[in-house]
Each structure stands twice: as structure tokens, then as C-alpha cells.
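Data first, discussion second: the structure below is written as C-alpha cells.
The values are calculated or read from the model by the stated rules, or taken from the named source; none is laboratory data. Quick caveat: nothing in here was measured; it's all calculated off a predicted structure. Cβ atoms come from the backbone with ideal geometry, glycine included; neighbour counts cover every protein chain shown.
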Amino acid sequence: MGRSTTPAVAASGSWTDPDGVRMPAGEVHAWTHGTNQTVCGLALSRASLLRFPHVPWTEVQPATGADADRVQRVCPRCQAAAGGRPRRGWTRHDPRP
Ligand SMILES: [Zn+2]
């Protein structure tokens, strides 16, 4: 149970892509919906991290992700815990208005 859930992203900064979608920038951590902390245990509010529930963790991996343009650092602890490999059959999220 819960094993099939891809974590979302929490980041130290944000930018808006040409489609008007808020995207993570700076340092990124894995974050699971419904929690107030990152996978590595940082409290989101205390660490001033922004949540990106619409951005899957796999998309901010610099090597493989489509949304990693402004990502400067990937938390190694979150990467170890959440993994950085794209899933088979995963497609980019649909930017919605
Ligand atoms: Zn982390």
C-alpha cells in the first residue's frame, strides 16, 4: 500500500513556465501529498519550501526529468529514498488552466 505513489516536489524557489505553470527551482526535495515534511524529514514551513503537488518527483531529476530546467540541487537523501528513475509509461503532466 502506498508503494505505487510517486512523490511530488518541494523546492526552495519557483518560476513560471511559458504555459503559466508554476515550476520548482533551486533545491528540490521529494514530498508526499498530505504530509507537512519532505521525504528526508525537513518540515516544509520551517525550511521555507514551496509545494508543487502537480510536479512529480521524476520530472525534476536533471538527467531525465522534463521540469528540471531551473533545478540547481537535488537533495541526495530524498533521491536515495524516493529514487530518480522515470517509471515506464510515465507521461508528462497536462498543464491545466
Ligand atoms: Zn530532501
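Brief remarks follow.
- Sole residue being within 13 Å of the chain's Cα centre (by Cα), at pLDDT below 90 and polar (S, T, N, Q), chosen from 58, 6, 32, 38: 6
- Scanning the range 6-33 for residues being among the hydroxyl-bearing types (Ser, Thr, Tyr) and surrounded by fewer than 16 Cβ atoms within 10 Å (Cβ to Cβ) gives a total of 2.
- Counting the residues of the range 66-79 that are closer than 15 Å to residue 31 by Cβ and not polar (S, T, N, Q) gives 6.
- Among the candidates 20, 41, the residue that is within 10 Å of the ligand (Cβ to nearest atom) and outside any strand (DSSP E or B) is uniquely 41.
- One residue stands out among those in the range 59-81 that are touching a Pro at 6+ places or on another chain (Cβ under 8 Å) and assigned to a loop (DSSP other than H, G, I, E, B): the one that is nearest to the ligand (Cβ to nearest atom), which is 61.
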